[in-house]
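Supplied in structure tokens, the structure appears directly below.
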């Protein structure tokens, strides 16, 4: 796995390992672009040029204008900015529609808005993990100010048709803001911004460092900042920009752009291989295999708590997840929203890939899994 062949890292939906060449960009930028990009002297101007070049590189991947792209510290900040900032600019209604399997950085801001008197309609996923777009559309009316839906779910990998959702929302109410959390989709699956007003992406999911992300805000859409200070990022996110991280972010995005299709096909082959191997283990229950991103696969071993499985694999130098890293090991709200049995909710495992993973790593994972299941056979509910 990149620089460490002994590392079997299968939790790329939580974060990716920074690519060595991206780390080199950071090191170079720290030394060369040390000046404040807002300063008027020559070193400051060079920092600003580097920042603008990074912004343009990320904007190219989304097909938007540079002036529509705002650097953030992460996807969570981007989601908060978009949701809280957009809601405050809409005075014609109080309605908000959101899917029932969003990331906490979408859930929590909308819970806050609900406490402030907004009418938040939550549309739960179906039992198969997919989202019924028609149910979300049925909730949109003349009072709907905001619709939010993630493009790829971070726990089970569901791909939602946000492009259709956005188009149909606009037909029902052209004033409604459509926000998309694309953190798990960006640079993995094709993205079209048609009818989408705001979109959050993150650097550390594409082998760039943590601490840098971006928020797309369509030209003309009003978003009110919740921090106030200088005029950096055109006032949306005040504070001196982190030029080295932005440079690394832009470099990683630019490098991945021509490889999206190739990487998709390669990772799809890894996921197909893993699904085939898991289907040979009777104690394993696959959460879903249809309409999912090839980068994420969720399954359970009913009867064996997720954290026990994750801890055991960690001792074997294999790193997997029990769900969203942001939930700190709490039971998956996504699986619970699907209405699955408690023994499944408490035993889910997420494996998530990147282009650096191999079939050999999957073989090692499966061998360890078979031993683990055999050791705990008496506890397995479906054994």
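The values are calculated or read from the model by the stated rules, or taken from the named source; none is laboratory data. Computed from a prediction, not measured in an experiment: that's the story for all the values here. Cβ sites come from the backbone with ideal geometry, for glycine too, and all protein chains shown count toward neighbours.
Name the single residue that is surrounded by the fewest Cβ atoms within 10 Å (Cβ to Cβ) among those in segment 243-288 being in contact with a strand residue (DSSP E or B) (Cβ under 8 Å, 6 or more places away or on another chain) and more than 19 Å from residue 368 (Cα to Cα).
The residue in question is 288.
Going residue by residue through segment 304-316, is there one that turns out to be at pLDDT 90 or above, in contact with a strand residue (DSSP E or B) (Cβ under 7 Å, 6 or more places away or on another chain), in a loop (DSSP other than H, G, I, E, B) and surrounded by 14 or more Cβ atoms within 10 Å (Cβ to Cβ)?
no
Can you tell me which residue within segment 196-206, out of those that are touching a helix residue (DSSP H, G or I) at 6+ places or on another chain (Cβ under 6 Å) and in a loop (DSSP other than H, G, I, E, B), is surrounded by the most Cβ atoms within 10 Å (Cβ to Cβ)?
Taking the candidates together, the pick is 203.
Moving on. Please go through segment 87-101 and give me each residue that is buried (at least 21 other Cβ atoms within 10 Å of the Cβ) and under 20 Å from the mean Cα position of the chain (by Cα), ordered by number.
Hits for segment 87-101 are 97, 98, 99, 101.
Another one. Here are 209, 125: which of them is in contact with a helix residue (DSSP H, G or I) (Cβ under 8 Å, 6 or more places away or on another chain), assigned to a loop (DSSP other than H, G, I, E, B) and closer than 30 Å to residue 20 by Cα?
209
Now, a different point. Assess whether residue 234 counts as being more than 22 Å from residue 57 (Cα to Cα) and outside any strand (DSSP E or B).
In short, no.
Out of all the residues in segment 52-61, is one or more assigned by TED's automatic domain parsing to the domain that holds residue 192, over 30 Å from residue 366 (Cα atoms), free of Cβ contacts under 8 Å to residues at least 40 places away in the same chain and assigned to a loop (DSSP other than H, G, I, E, B)?
no
A further question follows. Please go through segment 162-184 and pick out each residue that is surrounded by fewer than 24 Cβ atoms within 10 Å (Cβ to Cβ) and assigned to a loop (DSSP other than H, G, I, E, B).
Within segment 162-184, 173, 174, 175 meet the criteria.
I'm checking my understanding of the structure. Among residues of segment 343-363 that are surrounded by 16 or more Cβ atoms within 10 Å (Cβ to Cβ) and either part of a helix (DSSP H, G or I) or free of Cβ contacts under 8 Å to residues at least 12 places away in the same chain (or both), which one is nearest to the chain's Cα centre (by Cα)?
The selected residue is 345.
Something else: It is to be established whether one or more residues within segment 232-240 are in contact (Cβ under 8 Å) with a residue 24 or more places away in the chain, in contact with a helix residue (DSSP H, G or I) (Cβ under 9 Å, 6 or more places away or on another chain) and crowded, with 18+ Cβ neighbours inside 10 Å.
Yes, because at least one residue in segment 232-240 is in contact (Cβ under 8 Å) with a residue 24 or more places away in the chain, in contact with a helix residue (DSSP H, G or I) (Cβ under 9 Å, 6 or more places away or on another chain) and crowded, with 18+ Cβ neighbours inside 10 Å.
Is one or more of the residues making up segment 112-127 in contact with a strand residue (DSSP E or B) (Cβ under 6 Å, 6 or more places away or on another chain), in the same structural domain as residue 60 (by TED's automatic domain parsing) and within 25 Å of residue 60 (Cβ to Cβ)?
There is no residue in segment 112-127 that is in contact with a strand residue (DSSP E or B) (Cβ under 6 Å, 6 or more places away or on another chain), in the same structural domain as residue 60 (by TED's automatic domain parsing) and within 25 Å of residue 60 (Cβ to Cβ).
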